[in-house]
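The values are calculated or read from the model by the stated rules, or taken from the named source; none is laboratory data. Computed from a prediction, not measured in an experiment: that's the story for all the values here. We place every Cβ from the backbone using ideal geometry, glycine too, and count neighbours over all the protein chains shown.
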Amino acid sequence: MEQISILEGRHKQVFEKKTGGEQVEIACDTSSLSGSVSQRACVFCGSRVVLYPVADALHLVHGPIGCAAYTWDIRGAVSSGPELHRLSFSTDLQEMDVIYGGEKKLYHSLIELIEQYKPKAAFIYSTCIVGLIGDDIEAVCRKVAKETGIPVLPVHSEGFKGTKKDGYKAACHALMQLIGTGSTEDISKYSINILGEFNLAGEAWIIRKYYEKMGIEVVSTLTGDGRIDAVRRAHGASLNVVQCSGSMTWLAKEMEQKYGIPYIRVSYFGIEDMSKSLYDVAKHFPERPDIMEAAKQVVSEEVKELYPSLQKFKKALTGKKAAIYVGGAFKTFSLIKALRSIGMSVVLAGSQTGNKDDYARLKEMCDEGTVIVDDSNPVELSKFILEKEADLLIGGVKERPIAFKLGIGFCDHNHERKIPLAGFVGMYNFALEVYQSVMSPVWQFAPRKGVKK
Amino acid sequence: MKHAKTATQNACKLCNPLGACLAFRGIENCVPFLHGSQGCATYIRRYLISHYKEPIDIASSNFHEETAVFGGSHNLKIGLKNVSKQYKPEVIGIATTCLSETIGDDVPMIIREYKQEFKNGSPMPIMIHASTPSYMGSHIDGFHAAVRATVKTLAEKGAREKLINIFPNMVSPADIRYLKEILEDFKVPYMLLPDYSQTMDGGPWGEYHRIPPGGTPASAIAMAGSAIASIEFGSTLEPSKSAAGYLEEAFGVPRYHMALPIGIKESDKFFTLLETLTQQERPEKYDDERRRLIDAYADGHKYVFEQKVIIYGEEDLVVGMTAFLTEIGITPILCASGGKSGLLRKSIKELIPGMDELGIKVREGVDFVDIEDEAKLLKPDFLIGNSKGYTMSRKNNIPLIRLGFPIHDRFGGQRMHHLGYRGTQELFDRIVNTVIEQRQNASSIGYTYM
């Protein structure tokens with residue numbers, strides 16, 4: 001087979017763990033190399049994924065049609081009430097707007113849409129060319145806010161102005177404008193916000209229930225099943241619990257600085273991390289040992305039910321090898337542990353947006369011979385899947401066809417999942433999905449393993 | 001409730017570069033390359049993958065702030081170099097975006113400079129440039145711009161050959177395979193562009209492919225200038241924007257232009273045209289297909305007669321479908337498109353002169369909220385179009401028959417036929433079955449024979 005090489009300029013973003021090997025630091029936090037097919041998106045994408053689940057807000061994309069069309073109903077972020085977030089709104093800028101400016105169109109769009117849909121707030125996403133044609137979005141937003149009486153928040157998400165991470169930050173900045181504007185009356189001292197939990201397939205509801213069983217009040221989930229009023233009172237919580245660290249750590253830090261709310265990083269994937277995320281919250285309230293007791297109770301009940309049901313999968317999957325390529329690095333840690341708990345090892349681990357600390361920790365966690373990649377591309381992913389003989393790839397829609405073409409299983413751990421993978425029940429679903437994909441008899445026909453004609 | 005009209009809500013169109021990327025995938029050994037932000041490439045890849053279920057690598061020049069200020073030349077050149085190195089393509093299909101168009105990058109000049117700067121390196125890929133600003137037109141315009149740019153870059157003048165060019169428009173991989181089968185059965189040399197029948201619907205890989213096998217070879221496209229004729233599908237496609245139009249203008253290759261051949265009448269026109277151009281009769285096999293289709297029309301006619309539908313999608317698909325639906329007695333009470341060629345009504349009128357008497361209404365440049373408003377008034381029996389009508393279908397409890405692109409919520413969209421007798425047969429069966437299923441479900445008796 002032809003050797004697949006790694007592009008010059010990417011060598012520092014690929015690392016193989018070997019004893020006695022050179023201990024280089026993985027380069028990350030850089031923008032993607034021109035011409036390499038990055039699996040990343042852009043600033044706009046970062047903002048859009050973070051704010052998308054706010055269900056009673058109007059999300060208006062200011063720009064040509066593409067950005068709004070490709071993000072219409074794109075995430076499996078579900079709402080228990082209003083579903084305004086599932087519609088797609090665009091100012092659909094045309095050539096004349098590019099020449100003469102899009103402010104008027106933006107203004108009229110907003111006024112009409114707010115009248116029609118009566119949202120609790122509006123987020124205005126600026127896209128690439130808005131940054132170039134010089135529309136004064138801030139001024140339009142101020143004007144419309146004044147006329148309509150709702151918060152109208154500009155999100156500076158011009159695609160080219162940074163990476164997806166900058167988009168997260170722009171979204172968090174918009175959220176910060178809302179936080180602190182609601183009443184914190186009646187909020188318990190034993191309360192938290194969950195940051196970076198987007199309620200994909202109803203996951204936030206599962207997690208919330210665990211905390212409620214412990215006697216903890218969840219003030220606001222940012223932004224899963226999100227409501228503007230809940231966001232407004234988020235500053236009343238005692239603790240911020242950050243699940244998707246890549247997108248929301250900035251917000252947690254801001255809230256710490258402005259409102260003195262400490263934060264912890266958690267993950268809801270896998271038994272170990274899920275349990276820890278309950279214990280860590282309980283530890284924050286040492287004056288209430290009953291909370292810890294309740295946490296232990298929740299864990300023991302859940303694990304008692306879950307553990308035996310995982311054994312079938314473990315038996316079948318022991319010795320199988322997985323490759324992981326997801327958005328944030330923190331998720332990778334949990335996935336490695338979750339996979340180990342069902343007998344699988346990890347031969348490739350990587351993320352689109354991990355930082356230095358993340359990769360240092362990843363190196364520590366991984367087994368000998370594991371390849372670690374930052375901001376990878378299909379060529380590299382395929383290379384390592386083949387070389388390391390992975391049986392499973394965990395990723396998103398863009399990674400899926402790579403797995404299937406090469407004849408290995410796949411688990412969608414991204415925005416579009418329809419089955420909850422978080423929480424204890426999520427661990428069962430995860431194991432089931434991995435099992436059903438890896439153990440499927442269809443792979444016997446894959447050319448590499450090949451039942452011959 | 002007063003409806004907002006300025007903004008586009010739930011768009012019934014996609015952006016220009018998407019169509020270009022798809023078209024470039026129909027050239028052998030070609031990598032599509034978007035000159036713009038990383039997000040454009042990534043979103044478009046994701047969107048196409050959800051329909052075609054194939055790996056789709058689209059490179060990006062990955063604009064940064066400095067790029068936007070100082071121009072994209074530097075990034076584009078690095079990008080081209082990296083793509084050449086990693087993919088070893090024969091062709092790079094470069095499409096622009098709103099960003100690179102707005103800053104006014106002179107892409108042809110950058111390409112010339114690049115070729116000059118790296119002329120002593122490894123083999124230089126052929127570079128095709130299509131101008132596809134997202135603030136103009138929609139994905140279908142990008143598709144045609146890429147096909148035209150490809151022919152413009154590659155086609156050469158030559159002595160007339162017994163060769164037919166065929167430009168099928170944005171049809172499914174299955175449609176392309178069927179067209180190739182027809183031309184092969186006519187035993188006539190042909191050049192079909194773009195041919196993504198394999199690249200967007202291929203087999204499993206025994207080893208890694210940088211670029212999936214399949215596609216029209218550049219050497220074949222070079223011959224396009226010496227063909228005896230070009231056949232081009234697409235009623236609203238003007239010669240000034242089309243590949244066949246260019247070939248006629250530049251090389252005098254006659255352009256035979258027709259609607260997408262859906263339904264018996266339009267398929268007949270296509271086969272008759274092939275008979276005229278090749279001076280031979282159609283193979284018996286197609287007479288058989290036609291006979292079976294007519295037989296099916298007879299068997300199923302009662303289910304469909306006087307059903308009212310709303311059809312939406314790309315304008316050319318809408319025209320083709322309207323011709324088919326009216327010949328089986330279904331009335332498209334609304335023909336809608338997010339496209340805005342200004343030619344939709346005229347094109348339908350050409351095929352169905354009595355359209356107004358039949359109550360066929362036409363609307364261009366609409367979004368799904370407009371279509372839904374119409375649906376509430378017109379109360380169609382079902383909707384026909386891509387998956388994006390599902391929300392409206394569910395909300396208003398009107399069945400949706402999925403076809404075209406994208407099919408994001410059903411399996412096998414890439415294998416769906418639309419064209420010719422075979423495609424029509426498939427569509428007819430599905431329409432009849434939709435009606436039967438409706439009636440069966442609505443019946444309290446639960447008939448087991450329908």
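Observations on the structure shown:
- Checked against (1) touching a strand residue (DSSP E or B) at 6+ places or on another chain (Cβ under 6 Å); (2) more than 7 Å from every other protein chain (Cβ to nearest Cβ), B:N10 passes all but a single condition, namely (2).
- In the set (1) surrounded by 21 or more Cβ atoms within 10 Å (Cβ to Cβ); (2) in contact with a strand residue (DSSP E or B) (Cβ under 7 Å, 6 or more places away or on another chain); (3) of a type outside the set (D, E, K, R), A:A422 fails one condition alone, (2).
- The listed residue being in contact (Cβ under 8 Å) with a residue 12 or more places away in the chain, crowded, with 24+ Cβ neighbours inside 10 Å, assigned to a loop (DSSP other than H, G, I, E, B) and not assigned by TED's automatic domain parsing to the domain that holds A:K276, out of A:G354, A:G350, A:G343: A:G354
- Residue check, B:T391 away from chain A (no Cβ under 14 Å), part of a helix (DSSP H, G or I) and either within 21 Å of B:E306 (Cα to Cα) or not small (G, A, S) (or both): no
- Test for A:V78: is it more than 9 Å from chain B (Cβ to nearest Cβ) and either closer than 22 Å to A:M176 by Cα or buried (at least 24 other Cβ atoms within 10 Å of the Cβ) (or both): no
- Any hit, region A:11-18, residues being more than 9 Å from chain B (Cβ to nearest Cβ), among the polar types (S, T, N, Q) and buried (at least 20 other Cβ atoms within 10 Å of the Cβ): yes
- Subset tally (residues that are at the interface with chain A (Cβ under 7 Å from one of its Cβ atoms), closer than 15 Å to B:M127 by Cα and either of a type in the set (F, W, Y) or surrounded by 24 or more Cβ atoms within 10 Å (Cβ to Cβ) (or both)) for region B:77-103: 3
- Residue satisfying condition, being farther than 17 Å from B:T8 by Cβ, touching a Ser or Thr at 6+ places or on another chain (Cβ under 7 Å) and either acidic (D, E) or not assigned by TED's automatic domain parsing to the domain that holds A:E203 (or both), within set A:C128, A:C141: A:C128
- Qualifying residues in region A:426-444 (those that are farther than 28 Å from A:A204 by Cα and free of Cβ contacts under 8 Å to residues at least 12 places away in the same chain) - the one surrounded by the fewest Cβ atoms within 10 Å (Cβ to Cβ): A:P441
- From the list B:D288, B:D268, B:D295, the one residue that fits, being over 23 Å from B:E364 (Cα atoms), at pLDDT 95 or above and in the same structural domain as B:V171 (by TED's automatic domain parsing), is B:D268.
- Residue within region B:398-412 that is farther than 25 Å from B:I176 by Cα and surrounded by 14 or more Cβ atoms within 10 Å (Cβ to Cβ) present: yes
- Matching residues in region B:241-286 - criterion: being within 13 Å of B:R422 (Cβ to Cβ), in a helix (DSSP H, G or I) and either among the acidic types (D, E) or out of contact with any strand residue (DSSP E or B) (no Cβ under 9 Å at 6 or more places or on another chain) (or both): B:I264, B:S267, B:F271, B:K285, B:Y286
- Region A:251-288 - residue that is touching a His at 6+ places or on another chain (Cβ under 9 Å) and among the aromatic types (F, W, Y) and, of those, surrounded by the fewest Cβ atoms within 10 Å (Cβ to Cβ): A:Y259
- Residue ID - surrounded by the most Cβ atoms within 10 Å (Cβ to Cβ), chosen from residues in region A:81-113 that are among the small types (G, A, S) and more than 9 Å from chain B (Cβ to nearest Cβ): A:G102
- Every listed requirement among (1) under 27 Å from B:I311 (Cβ atoms); (2) surrounded by fewer than 20 Cβ atoms within 10 Å (Cβ to Cβ) is met by B:D287 save one, (1).
- Within region B:25-76, being part of a helix (DSSP H, G or I), within 21 Å of B:V107 (Cα to Cα) and more than 8 Å from chain A (Cβ to nearest Cβ) holds for B:E66, B:V69, B:F70, B:S73, B:H74.
- Restricted to region B:58-76, and to residues there that are surrounded by fewer than 24 Cβ atoms within 10 Å (Cβ to Cβ) and farther than 17 Å from A:C128 by Cβ, the residue that is farthest from the chain's Cα centre (by Cα) is B:H74.
Let's see how each residue does on (1) β-branched (V, I, T); (2) farther than 29 Å from B:V69 by Cβ; (3) assigned to a helix (DSSP H, G or I):
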{"position": "A:W72", "(1), (2), (3)": "no, yes, no"}
{"position": "A:R75", "(1), (2), (3)": "no, yes, no"}
{"position": "A:I114", "(1), (2), (3)": "yes, yes, yes"}
{"position": "A:F123", "(1), (2), (3)": "no, no, no"}
{"position": "A:E138", "(1), (2), (3)": "no, no, yes"}
{"position": "A:E158", "(1), (2), (3)": "no, no, no"}
{"position": "A:K165", "(1), (2), (3)": "no, no, yes"}
{"position": "A:C172", "(1), (2), (3)": "no, no, yes"}
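- The sole residue among A:Y279, A:Y268 that is of a type outside the set (V, I, T), in contact with a strand residue (DSSP E or B) (Cβ under 9 Å, 6 or more places away or on another chain) and either assigned by TED's automatic domain parsing to the domain that holds A:A121 or under 17 Å from A:F424 (Cα atoms) (or both) is A:Y268.
- Meets criteria (of a type in the set (G, A, S), touching a residue at least 24 places away in the same chain (Cβ under 8 Å) and over 19 Å from A:Y435 (Cα atoms)) for A:A390: no
- Total residues in region A:203-246 satisfying the condition of being under 19 Å from A:L51 (Cβ atoms) and of a type outside the set (V, I, T): the figure is 19.
- Scanning region A:357-371 for residues that are within 25 Å of A:V266 (Cβ to Cβ), of a type in the set (A, V, I, L, M, F, W, C) and not in a helix (DSSP H, G or I) yields a single hit, A:C366.
- Only one entry in B:T199, B:T216, B:T236 is modelled with pLDDT of 95 or more and within 14 Å of chain A (Cβ to nearest Cβ), namely B:T199.
- Qualifying residues in region A:289-340 (those that are surrounded by 17 or more Cβ atoms within 10 Å (Cβ to Cβ) and of a type in the set (S, T, N, Q)) - the one farthest from A:L362 (Cα to Cα): A:S334
- Any hit, region B:106-119, residues being β-branched (V, I, T) and within 10 Å of chain A (Cβ to nearest Cβ): no
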